[in-house]
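A short write-up of the structure that comes next.
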Amino acid sequence: MTPKINLLSVITCPVCGYIKEETMPGDSCMYFYECENCKTVLKPRKGDCCVFCSFGSVKCPPVQASGSCCH
């Protein structure tokens, strides 16, 4: 059975605390994300494959589907 993939994640900027719900790409990672509020460009933390795995409320779809990173 294929796991249900959640494409919505709430991303929180670690610099200014701005919170926004975003739709994640279904088949790839997002390596950069610009905070709408403070314009900081977020990059994944060491060991994470994308900004959603680092700063989102839900891991990216490739990790949800297989449990592994999408590199």
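Since every read-out is calculated from the coordinates, none of them should be taken as a lab result. Note that this is a predicted model, so its numbers are computed, not measured. Note: ideal-geometry Cβ built from the backbone for every residue, glycine included; neighbour counts use all protein chains shown.
For Leu42, the amide hydrogen comes within under 5 Å of the amide hydrogens of Tyr33, Glu34, Cys35, counting only partners 5 or more places away or on other chains and with H modelled in the peptide plane.
The charge dipole of the chain, taken about its Cα centre with unit charges on the Cβ of Lys, Arg, Asp and Glu (plus for the first two, minus for the last two), comes to roughly 200 debye. For the chain, adding -39500 (n - 2.57) for each run of n ≥ 4 DSSP H residues and dividing by the number of residues yields -3500 deg cm²/dmol at 222 nm. Between Tyr18 and Cys13, the built amide H atoms are under 5 Å apart, and every one of these is 5 or more places off in sequence or on another chain.
With θ taken as phi - 60° and the Karplus curve 6.51 cos²θ - 1.76 cosθ + 1.60 applied, the whole-hertz 3J(HN,Hα) list for segment 52-60 is 6, 5, 8, 10, x, 7, 9, 5, 5 Hz, x standing for glycine and proline. Around Pro61, under 15 Å between beta carbons, what's the net of Lys plus Arg minus Asp minus Glu among the other residues? Cβ neighbours under 15 Å give a net charge of -1.
For the chain, chymotrypsin sites (Phe, Trp or Tyr not before Pro) are listed when DSSP marks them as loop and at most 10 other Cβ atoms sit within 10 Å of their Cβ; the list is Phe32. Taking other C-beta atoms within 10 angstrom as a stand-in for reagent exposure, Val41, Val15 fall in the order Val41, Val15, fewest first. Modelled label positions at Ser57 and Lys20, each set 7 Å beyond Cα in the direction of Cβ, lie 1.6 nm from each other.
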